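Below you'll find the structure, written out as structure tokens, and then a few comments.
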Amino acid sequence: MSNILLRKARIGDVKGIQELLRDCADKGQLLPRALTYLYKHVRNFYVAELDDGRLAACCGLSVVWEDLAEICSLVVEESFRRQGLGRRIVQACLGEADSLGVQRIFALTYQEEFFKKLGFVEVDKDVLPQKIWADCIHCPKYPDCDETAVLLNL
Ligand SMILES: CC(C)(COP(=O)(O)OP(=O)(O)OC[C@H]1O[C@@H](n2cnc3c(N)ncnc32)[C@H](O)[C@@H]1OP(=O)(O)O)[C@@H](O)C(=O)NCCC(=O)NCCS
């Protein structure tokens, strides 16, 4: 793998993040995000930057409640998968969650095996009522969500 810098996202990364998300959204793997959303939430994101400035990965950490945060908008560009980059960028978000004092991190995902490798366990969505009240009820799939909820206690 060429040199990859993991760092917090900056404004100039937003279009690259949107592109990473769009490729996966087109395949139904996650939700696409509008530029307005990404500019508003840019401080949630970590990115993995290649030597030439392109982005190889992105991942968001969104605080949901006093003890709860979500890993969201996680993408590793296809040619960089299965080389440990997904683990590294999620761990960067977990480190930030820990420093913020967050105790529980969850994700809603089709990639539960990946998250289990990082120590997450599968849980019933009912243990995440704050996520359901805030976001899920606005989702076109609600209440028939086919994603798996996974949770990690820090
Ligand atoms: C899920 C994703 C981020 C994983 O990134 P990655 O860089 O390939 O993952 P890593 O190489 O860090 O893998 C870490 C571990 O998980 C395993 N793993 C990765 N993807 C896996 C999968 N789809 N199924 C089973 N295990 C998987 C790896 O083998 C590795 O195991 P190891 O520790 O025993 O070696 C990547 O496949 C992706 O971007 N997918 C499309 C978007 C998506 O679904 N995002 C999740 C939204 S919540």
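Every read-out reported here was derived from the displayed coordinates using simple, explicitly stated rules and does not represent laboratory data. Computed from a predicted structure; not experimentally measured. In this analysis, Cβ positions are derived from the backbone assuming ideal geometry, glycine residues included, and neighbour counts consider all displayed protein chains.
Quick notes on this one:
- Helix-only CD estimate at 222 nm, as mean residue ellipticity for the chain, using -39500 (n - 2.57) per DSSP H run (n ≥ 4): -9000 deg cm²/dmol
- Nearest 10 degrees, 0 to 90: helix 14-26 Cα axis against the chain principal axis: 60
- Under the combined filter of DSSP loop state and at most 10 neighbouring Cβ atoms within 10 Å, region 36-94 retains these trypsin sites (Lys or Arg not before Pro): Arg82.
- Note on Leu154 and Asp51: their simple-model spin labels are 3.4 nm apart, each label 7 Å out from Cα toward Cβ.
- Share of Cα-Cα pairs in region 57-128 lying beyond 17 Å, as whole percent: 41
- Relative intensity of region 4-153 on a log10 scale, I(q)/I(0) at q = 0.10, 0.11, 0.15, 0.17 Å⁻¹, equals -0.32, -0.39, -0.75, -0.99, per a Debye sum over C-alpha point scatterers of equal strength in the absence of solvent.
- Simple spin-label estimate for Lys40 and Arg88 in nanometres, 7 Å along Cα-Cβ: 3.2
- Other residues within the sphere of radius under 12 Å centred on the Cβ of Thr148, judged by their own Cβ, net out at -4 (K and R +1, D and E -1).
- Under-26-angstrom lysine pairs by C-alpha in region 4-153, whenever the two are 8 or more apart or on separate chains: 21
- Cα long-axis angle, helix 85-100 against the chain (0 to 90 degrees, to the nearest 10): 60
- Stretch gain in nm, segment Lys125-Asp144, where the contour uses 0.36 nm per residue and the Cα spacing is subtracted: 5.7 nm
- Full extension of the chain between Leu6 and Leu100 yields a length gain of 32.0 nm, computed as 0.36 nm times the residue separation minus the alpha carbon distance.
- Taking the chain and dividing mean pair separation by its residue count, relative contact order in percent (alpha carbons under 8 Å, at least six apart): 19
- The Trp65 and Lys27 beta-carbon pair, evaluated with R₀ = 30 Å, returns a calculated FRET efficiency of approximately 0.50.
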